Amino acid sequence: MAINEFYGTGRRKTSIAKVWLRPGTRNIKINKKEIDYYFPRETWKIKVLEPLTVTQSKDKFDVMISVLGGGLTGQADACCHGLARALVKSDESNKKPLKQADLLKRDPRMVESKKYGKRKARRGQQFSKR
């Protein structure tokens, strides 16, 4: 007996999220922890659950996410991206609302690298006449 399982990968900055969807009753685990323990801030939880809200499928799936790298904001965005991709694989009709909500795009912004002769990527030494 095969279990219907859908997979999606999400990325943001240096964070990578692997997302698995199974038919169930909204049991969400991130790195084997409940979402409330992993993301204590409400904005992070809202960001992760945004694809489920847009497609109106909050109570249809159990979600298991493995995320690594970066900070919590980048990880929340990576989880959102991976969840949106997995929802498209589960049902092709989810693609249109997710695309309209800009949840299928990968955010290309990365940290700019430091340049030699400067303190940071753009910040130089403070100018002084004397």
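Listing for the model above:
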| item | result |
| --- | --- |
| The chain - mean residue ellipticity at 222 nm from DSSP helices (-39,500 (n - 2.57) per run, n ≥ 4, rounded to 500) | -9500 deg cm²/dmol |
| The chain: angle of helix 72-90 to the longest principal axis, Cα-based, in degrees nearest 10 | 40 degrees |
| Assigned charges on the beta-carbon of Lys, Arg, Asp, Glu; the chain dipole about Cα centre (debye) | 1300 debye |
| Note, ³J(HN,Hα) from phi for region 30-40, Karplus 6.51, -1.76, 1.60, rounded to Hz, x at Gly and Pro | 10, 6, 6, 10, 5, 4, 5, 7, 6, 10, x |
| Dimensionless Rg/Rh of the chain - Kirkwood Rh, Rg from C-alpha atoms | 1.16 |
| Residue pairs, from the table Lys18/Lys60; Lys29/Lys89; Lys45/Lys89; Lys32/Lys120; Lys58/Lys89, whose Cα atoms sit over 26 Å apart | Lys32/Lys120 |
| Set of region 67-97 residues, backbone N closer than 11 Å to the point 7 Å along the Cα-Cβ line of Glu42 | none |
| Ellipsoid equivalent to region 1-44 - semi-axes via the Cα gyration tensor, in Å | 22, 16, 8 |
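The numbers here are math on the coordinates, done by the rules we state, and not lab data. Model, not experiment: these values are computed from the prediction. Methodologically, a virtual Cβ is constructed for each residue, glycine included, from the backbone with ideal geometry; neighbour enumeration extends over all protein chains shown.
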